[in-house]
1. Relative to the present Cα-Cα distance, how much length would full extension add between residue 3 and residue 41 at 0.36 nm per residue of separation?
2. Which one, 172, 148, 43, has the greatest fluctuation when you compute a Gaussian network model over the chain with C-alpha springs under 10 angstrom?
3. Rounded to the nearest angstrom and ordered from largest down, what semi-axes does the equivalent ellipsoid of the range 51-133 get from its C-alpha gyration tensor (root of 5λ)?
4. Mean residue ellipticity at 222 nm from the helices of the chain, using -39,500 (n - 2.57) per DSSP H segment of n ≥ 4 over the full residue count, to the nearest 500 deg cm²/dmol?
5. How big is the C-alpha Rg of the chain next to the rule-of-thumb value 2.2 N^0.38 Å, as a ratio?
6. How do 97, 114 line up, fewest other C-beta atoms within 10 Å first?
7. Which value in nm describes the separation of the simple spin-label points at residue 85 and residue 168, placed 7 Å from the Cα toward the beta carbon?
8. How long are the three semi-axes of the equivalent ellipsoid of the range 1-120, in whole Å, if each is the root of 5 times an eigenvalue of the C-alpha gyration tensor, listed from largest down?
């Protein structure tokens, strides 16, 4: 079946097969968060992006194959409610940016900065630091595929709580670190809701800047 990224809480994961990776997207409650399981096709190693909630469903998605890491894209509680349990059951290392790490419910095993890599088997996911939604928000990039947490959605950047300085920082980072260097066919996997592509969003950048959110 063709991957669409359209998932609902309580429904099945949507699975995408790439040459090097398999991506499974699952919606979890109560805040309709997206969690992503990324597996290396060569080794079977896995990385879970945002253990947001519904630990039992996330553990069922992971199944019997190991995962080596759980990446938390940012500090907001709706993105880590299942982190302690999933990390405890799987033994996976907890990964986050150092500016958001102190807010997580468990110690962070690997702190990552802009430009670092998060390995999943023989593949390395590039860490992109996107400041503004939270100080330590990160995205993960594999060529053609971008996991953006709550920093980029269809229709705009993440919530900066009407703070003009935070909005300007996030808009600048998203513009310079994502749109200025990645191609239009890059698929965007956000922390909530439907997926998009950079090409679909690029024409709206001037509108986003003008409206300030």
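1. Roughly 12.0 nm would be gained on extension.
2. Per the Cα network of the chain with a 10 Å cutoff, 43 tops the list.
3. For the range 51-133, the ellipsoid semi-axes come out as 20, 16, 10 Å.
4. Mean residue ellipticity at 222 nm (helix-derived): -4500 deg cm²/dmol.
5. 0.94
6. Neighbour counts put them in this order, fewest first: 114, 97.
7. Each label point is offset 7 Å from its Cα along the Cβ direction, giving 4.4 nm.
8. After scaling each eigenvalue by five and taking roots: 21, 17, 13 Å.
We did not get these values from a lab; they are worked out from the coordinates using the rules stated. Please read all numbers here as calculations on a predicted model, not as lab measurements. In this analysis, Cβ positions are derived from the backbone assuming ideal geometry, glycine residues included, and neighbour counts consider all displayed protein chains.
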